[in-house]
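Enquirer: I have a structure I would like to understand better, so I am pasting it below and will then ask my questions one at a time.
The values are calculated or read from the model by the stated rules, or taken from the named source; none is laboratory data. In this text, all values refer to a predicted model and were calculated from it rather than measured experimentally. Here the Cβ positions follow ideal geometry from the backbone for every residue, glycine too, while neighbour counts run over all protein chains shown. To get the accessible areas, we keep the full protein, side chains included, count just its heavy atoms, and leave off ligands, DNA and RNA. Shrake-Rupley method; radii C 1.70, N 1.55, O 1.52, S 1.80 Å.
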Amino acid sequence: MTIQFKTETFRDDFTFSNSPEAIHRFPFPFDKDEYMYAVNIEQHMPGPVKSAFEFPIDIDEHYVSEMKDRALVLKQDPLRCQSLPHMITAEWDLLELLMESMAKNYPEHFTLTRDGDSWHWVNGPLGIDQKFTFGDTSTLPYPPMEYITRQCQGDFNLIDQRNDNLWMDAGIVTTQADWSLDFDIGMNFMEWHAPVPLAHDIGVFDRALKFLLNLQQGRPVRRLNWTMTINPRLDTSPENYHKWGVDRTTVTPENVGNKVHLRVELQALWRLPRSNAIVFSIRAYLIKMEELVTIPKWGRRFHRVLRDLKPELADYKGLTRYRQMTVDYLSKFDDGAPTSPGFFPD
Amino acid sequence: MSGGVEIPVRVVDVEQATQTVKRFRLAALSGEPLPSFSAGAHVVVTMDDNGRRMRNPYSLIDRADDGSTYRIGVLRTPNSRGGSKFMHERVNAGDQLVVTMPVNLFPIVRTGRKHLLVAGGIGITPIYAMANELRRRSASYEIHYAMRNEASGAFIDELRAAHGDRLKLYRDDMQEFVSVSQILPNQPLGTHLYVCGPEGMIDAILKGGRDAGWADENLHSERFLAPAGGEPFSVVLQRAGITAEVRSDQSLLEAIEEAGVDAPFLCRGGACGQCETAVVSCDGKLVHNDHFLTEEEHASGKKIMTCVSRLKGRELVLDL
Ligand code: HEM
Ligand code: FES
C-alpha cells in the first residue's frame, strides 16, 4: 500500500486538509453521546484494516508535511527536544521500536537492515539513507530519540520508572495541546497531571498510575484524548501562545465550519526492553467541522457531546470562547436520530 | 494467560553449576532473537508435567549477544509445587518449555550515583545481570555475594573474571557474613542498595539500612518470587447457565471467555473498571488484585474485577 503524501502547511496559510479516505479513518474518540474523563485504556492491538489503529505506529498522508513542520519548530526552539542523561538507553529502545514498526508495516516507504549492531535505515519519503552502529550515538547526526522522531509522526515522551512513580525524563514535543516539555521535564505522573480538573477527584490518575507501573513488555496499550484547535495548527504550545491564542477570537458563524477543528490524540504506551522505561506517544489528528459532518453519525454525536460538556472541561480545554458558535453550527447536522454504539461510522 | 505474550523455547544446554543449581540455556523455537531485557527482569517458565501445568518465575542471567539464547539458573528447592524439582529431574537439552516476555520488578535506579549489589545463594541470578549492566555503563558498583561454601557459589568464576575486585565473597563455612555496618558507611549520597536472597538475609539487610538512616527509596529487594496465577476454582455464570473451571494458569476473565460468554473488558489490568461483575455468592475467599474498587467494596464481597481477581476456594457464582 503506497501512501500519497500531501504537500500542505500547519501555519501561516494553513493549507492542511483531509482526503475523503483520511476523513474515514479519523480516530473519532466518542463511543457515546456524552463525554467524561475515565481510565480509557485498552490494549494496543491491531484494529480494522486502514484504520488509524491498524498498525502500532500510524503513518498517513500528512507524514512528510508534518515532519517539515517539526523541523521548523525545532529550529526556532531547540528546548522542544530534551533528554536527561540517564535516558540514553531508552532513546535507543525507542529508535528500535519505531524503525522496526515503520519498516515492518510500511515496507514500500521504509527499510531496516540489521547485521548485529550494524544497522542500515532507508526512509524513502524523506530521502534518508543512514548506516550506523546501534548503541553508538556518534554514528548518527542527532541523538537517537531526536534522530528517529524527526522521522516519525507524533510527539514522544520517555518515562523513567522509579520509587513507584513515573518521571518525564525525556521527550520531543512539537505538536502539543498547550503543555510544555521544558516545564514538565523531571516531573512525576501526579505533578505533570496537576492542572487537569475533576479527574483527580474521581481517582482516574491513581488507577492509571498503578496500571502503568505494571505495564508489560510486548503488551502496549492505548487511549484517546481530545481537544479543539482553531486552524489546523500542530504547534499549539504555551511557548507560542502569543501566536495562536488570538485565533480563538477569529471564529465567526460564517467560518466556524472551516476554522474549528476537532483535535484527537491517539496515545500509546509501550514498556521498553533494555531500559525498562515507558514510551508515551501522542499522535495528533486534526479534522475541521466541515469534514467531520460528512460522517452523519459523527456530526450528530459531536454536537451532543460538545453541547453537554461540563464547563470545567470546556474551560480546561480552552473551548469556552467558541463553543456555542460551534454547537450552533453542528446543530444543523443533528436531526435527533439515535446514534449507534461504538466509534466507527455506520 | 493474562500475564503476557508467551514464547515457546527449546532447552539448548543444561549445566550442573553446583550440587543444587542448574543453569539452562533457552532458545526461541521460532529461531528468532529473544527480546532484549533490562537487568533484574525475570520470565515465567511454564512446565508441562503430563498435563499438569506449573509456572515458576526465574530471573534472567543473561542474553547472548546475538539474542539467540537466555540463561536462567534454577535452585533445587523442596517446594510443594515441584517446579524446580521438575526442572532438575525432567528437563534436558532438546526439551521444550514456554516463557513469558521479560518482566522487571527489580530494576536498577538509573539516576543512582553508586550501586551496592547484595546476593545470597541463588539470589545471585538477577544481581549477576545487574552487575553486567552496570559494568557496561561504566557505573560505580560493588557486589557482595554470600554463599554456604565455595562449592555452592554457582557464579564465582564468571563474576570474578568480569568484575575483579568489585566482587566480595562471603562464605558461611568460614563464618563470613555480609554485614550492613561494614558496607554502608562512607557511601556517596545517592547510593542505592539492592538485595536478593533468602528471606532472613533480606530482612536483616533492609533493617540495617533503615537503622543506618537510609531512605526506603534507596533500598531495593526481590524476594523469592511468588508463583504466577493462582489456585483453580469453579465459576458459575448464573444468567448464562454455565459452569466452568478456572485453571491456575488463567484468569477468571479468560475462563469466562473460554466458556463462550462475551464479558466486558478494556484494560485487562485492573484499572479501567469495565469488567466489574456482581458476585451472587461464593464458597471461599475473594482475592482482589485490582486498583479499581474501593476497600469497602472489596470487603463487601459483592463485586469482582474478573481480569485480575479470583477466588481462593471452591466455587464462585457470578451475575453473568
Ligand atoms: C506516562 C504517560 C502519560 C503522560 C506523559 C501524560 C502527559 C500528560 C500531559 C502533559 C497532560 C497535559 C497536562 C497539562 O494541562 O499541563 C495530560 C493530560 C491528561 N492526561 Fe495524561 N499522560 C500520561 C498518561 C495518562 C493516562 C494513562 C491517562 C489515563 C486516564 C491520562 C489522562 C489524562 C487526562 C484525562 C488529561 C486531560 C486531557 C484533556 O482534557 O485534554 N494520562 N497528560
Ligand atoms: S478490564 Fe479493566 S479493570 Fe478489568
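Enquirer: Please work out the Cα center distance from the stretch A:130-186 to the stretch B:149-227, rounded to the nearest Å.
Expert: 35 Å
Enquirer: When ligands, DNA and RNA are left out and all protein chains stay put, how many square angstrom of accessible area per residue does the stretch B:147-283 have with a 1.4 Å probe?
Expert: 51 Å²
Enquirer: Where the convex hull is taken over the Cα atoms of the stretch B:207-276, what is its projected area averaged over directions, in nm²?
Expert: Mean shadow area of the hull around the Cα atoms is 7.3 nm².
Enquirer: Let me ask another. Only protein chains counted, 1.4 angstrom probe. Which residues of the stretch B:260-281 are at least 10 Å² less accessible in the assembly than when their chain is isolated?
Expert: In the stretch B:260-281, residues shielded by partner chains: B:Leu266, B:Cys267, B:Arg268, B:Gly269, B:Ala271, B:Cys272.
Enquirer: In the stretch A:162-296, how does Rg compare with the Kirkwood Rh, expressed as the Rg/Rh ratio over alpha carbon atoms?
Expert: Rg/Rh for the stretch A:162-296 comes to 1.02.
Enquirer: Please check chain A for the longest run free of trypsin sites (Lys or Arg not before Pro) that are loop-located per DSSP (anything but H, G, I, E, B) and have at most 13 other Cβ atoms within 10 Å.
Expert: The answer is A:51-331.
Enquirer: Run the dipole for the stretch A:69-184 about the Cα centre, Lys and Arg Cβ at +1, Asp and Glu Cβ at -1, nothing else charged, and hand back the magnitude in debye, nearest 20.
Expert: Here the stretch A:69-184 has a charge dipole of around 320 debye.
Enquirer: Still on this structure: On a 0 to 90 degree scale, rounded to 10, what angle separates helix A:296-308 from the longest Cα axis of chain A?
Expert: 80 degrees
Enquirer: As I understand it, the dipole of the stretch B:233-318 uses +1 on the Cβ of Lys and Arg and -1 on the Cβ of Asp and Glu, about the Cα centre. Which of B:Gln274, B:Val235, B:His291 lies farthest toward its positive end?
Expert: Result: B:Val235, furthest along the dipole toward the positive end.
Enquirer: Specify the residue with the greatest mean-square fluctuation among B:Met174, B:Met201, B:Met87, computed from a Gaussian network of chain B linking alpha-carbon atoms under 10 Å apart.
Expert: Fluctuation is largest for B:Met174.
Enquirer: At 20 °C and a viscosity of 1.002 mPa s, what translational diffusion coefficient does Stokes-Einstein give for chain A, taking Rh as the Kirkwood radius over Cα pairs? Give it in µm²/s as a whole number.
Expert: Answer, rounded: 102 µm²/s.
Enquirer: Hey, what number do you get for the protein assembly as shown at 222 nm if only DSSP H runs of n ≥ 4 count, each worth -39500 (n - 2.57), divided across all residues, to the nearest 500?
Expert: -6500 deg cm²/dmol
Enquirer: Sticking with this one: Mind checking the angle between helix A:320-331 and chain A's longest principal axis? C-alpha axes, 0 to 90 degrees, to the nearest 10.
Expert: Here the helix axis deviates by roughly 70 degrees.
Enquirer: Apply the Karplus curve 6.51 cos²θ - 1.76 cosθ + 1.60, θ = phi - 60°, to the phi angles in the stretch B:244-252 and return the couplings in whole Hz, x for Gly and Pro.
Expert: So the J values, rounded to whole Hz, are 9, 9, 9, 6, 5, 9, 9, 8, 4.
Enquirer: If you fit an axis through the alpha-carbon atoms of helix A:204-213 and take the longest principal axis of the Cα set of chain A, what angle between them do you get, 0 to 90°, nearest 10?
Expert: 20 degrees
Enquirer: Also: Compute, for chain A, the length of the dipole vector about the Cα centre, with Cβ point charges of +1 (Lys, Arg) and -1 (Asp, Glu) only. Units Debye, rounded to 20.
Expert: About 500 debye.
Enquirer: Sorted from largest down, give the three principal axis spans of the alpha carbons of the protein assembly as shown, whole angstrom values.
Expert: Sorted largest first, the three principal extents are 89, 65, 50 Å.
Enquirer: Which whole-Hz ³J(HN,Hα) couplings does the stretch B:6-12 yield from phi under the Karplus relation 6.51 cos²θ - 1.76 cosθ + 1.60, θ = phi - 60°, glycine and proline marked x?
Expert: So the J values, rounded to whole Hz, are 10, 10, x, 10, 10, 6, 9.
Enquirer: Here's something else I'd like to know. What residues have an amide H closer than 5 Å to that of A:Arg219, excluding those fewer than 5 places away on the same chain, when H is modeled at 1.01 Å from N in the peptide plane?
Expert: A:Arg271
Enquirer: Follow-up. Applying the Karplus parametrisation 6.51 cos²θ - 1.76 cosθ + 1.60 with θ = phi - 60° to the phi angles of the stretch A:150-165, what ³J(HN,Hα) value in whole Hz is obtained for each residue in order, glycine and proline being reported as x?
Expert: Once rounded to whole Hz, the list reads 6, 10, 9, 5, x, 7, 9, 10, 9, 10, 8, 10, 7, 6, 6, 9.
Enquirer: Ignoring ligands and nucleic acids, what accessible area does B:Cys275 show with a 1.4 Å probe (Å², nearest 10)?
Expert: Its heavy atoms expose roughly 10 Å² to the probe.
Enquirer: Treating only the Cβ of Lys, Arg, Asp and Glu as charged (+1, +1, -1, -1), what charge dipole size does the stretch A:199-346 show about its Cα centre? Round to the nearest 20 debye.
Expert: It comes to approximately 520 debye.
Enquirer: Mind running the shape call on the stretch A:162-217? Use the C-alpha gyration tensor, a ≥ b ≥ c as the square roots of the eigenvalues: rounded below 1.5 for a/c, prolate if a/b tops b/c, oblate otherwise.
Expert: It is oblate, given that a/c is not under 1.5 and a/b is not larger than b/c.
Enquirer: Find, among the chymotrypsin sites (Phe, Trp or Tyr not before Pro) in the stretch B:152-228, those assigned to loop by DSSP (not H, G, I, E, B) with at most 11 other beta-carbon atoms within 10 angstrom.
Expert: In loop regions of the stretch B:152-228 (DSSP not H, G, I, E or B), there are no sparsely surrounded chymotrypsin sites (Phe, Trp or Tyr not before Pro).
Enquirer: Using a Cα-Cα cut-off of under 21 Å, which lysines could be cross-linked to A:Lys310, ignoring same-chain neighbours fewer than 8 residues away?
Expert: Cα-Cα hits under 21 Å: A:Lys32.
Enquirer: Could I ask something else about it? Say we join alpha carbon atoms closer than 10 Å with springs in a Gaussian network model of chain B; which of B:Arg148, B:Arg136, B:Arg223 then has the biggest fluctuation?
Expert: Looking only at B:Arg148, B:Arg136, B:Arg223, the largest GNM fluctuation is found for B:Arg136.
Enquirer: Additional query: Nearest 100 Å², what total accessible surface is buried between chain B and chain A (probe 1.4 Å)?
Expert: In total, this chain pair buries about 2200 Å².
Enquirer: Which of the residues in the stretch A:266-288 show a loss of at least 10 Å² in accessible area from their chain by itself to the complete set of protein chains, at a probe of 1.4 Å?
Expert: Residues passing the criterion (a loss of at least 10 Å², heavy atoms only) are A:Pro273, A:Arg274, A:Ser275, A:Asn276.
Enquirer: Could you look at the protein assembly as shown and say what percent of its accessible area is carbon and sulfur, using a 1.4 Å probe and all protein chains?
Expert: Result for the protein assembly as shown: 51 percent of the exposed heavy-atom area is carbon or sulfur.
Enquirer: Roughly how many whole Å is it from the C-alpha centroid of the stretch A:221-300 to that of the stretch B:18-39?
Expert: Spelled out, the Cα-based centre of one part sits 45 Å from the other.
Enquirer: Still on this model: Could you give the accessible area per residue of chain A, probe 1.4 Å, as a whole number in Å²?
Expert: Solvent-accessible surface per residue comes out at 41 Å².
Enquirer: Which value, to two decimals, describes the C-alpha radius of gyration of the stretch B:6-104 once divided by 2.2 N^0.38 Å?
Expert: Cα Rg divided by the expected 2.2 N^0.38 Å: 0.99.
Enquirer: How high is the relative contact order of chain B, given as a whole-number percent (alpha carbon pairs under 8 Å, six or more residues apart)?
Expert: For chain B, the relative contact order is 15 percent.
Enquirer: If you scale each eigenvalue of the Cα gyration tensor by 5 and take the root, what three semi-axes come out for the stretch B:233-318, rounded to whole angstrom and sorted largest first?
Expert: After scaling each eigenvalue by five and taking roots: 18, 15, 12 Å.
Enquirer: Next up: Under 17 Å Cα to Cα from B:Lys168, which lysines show up? Leave out anything in the same chain fewer than 8 places away.
Expert: Leaving aside lysines fewer than 8 places away in the same chain, those within reach of B:Lys168 are B:Lys114.
Enquirer: Given A:Pro273, A:Pro143, A:Gly203, which one lies farthest toward the positive end of the charge dipole of the protein assembly as shown, if we put +1 on the Cβ of every Lys and Arg and -1 on the Cβ of every Asp and Glu?
Expert: Final value for the positive-end residue is A:Pro273.
Enquirer: In Å, what is the Rg of the alpha-carbon atoms in chain B, and how long is Dmax?
Expert: 22.0, 67
Enquirer: Can you find, among A:His24, B:Ile7, B:Ala215, the residue farthest towards the positive end of the dipole of the protein assembly as shown? Put +1 on the C-beta of Lys and Arg, -1 on that of Asp and Glu.
Expert: Checked the options; the winner is B:Ala215.
Enquirer: Roughly how many whole Å is it from the C-alpha centroid of the stretch B:101-131 to that of the stretch A:198-213?
Expert: A separation of 29 Å, based on Cα centres.
Enquirer: Output needed: percent of Cα pairs per 10 Å distance bin for the stretch A:219-277, bins running from 0 to the one holding the longest distance.
Expert: Computed distribution, short to long bins: 19, 35, 23, 16, 6, 1.
Enquirer: So what's the net charge close to B:Ala27: Lys and Arg +1, Asp and Glu -1, counting the other residues with Cβ under 13 Å from its Cβ?
Expert: With Lys, Arg at +1 and Asp, Glu at -1, the neighbours total 0.
Enquirer: Follow-up question, since we're still on this one. Counting only other residues whose beta carbon sits under 12 Å from that of B:Pro8, what net charge do I get with K and R as +1, D and E as -1?
Expert: Cβ neighbours under 12 Å give a net charge of -3.
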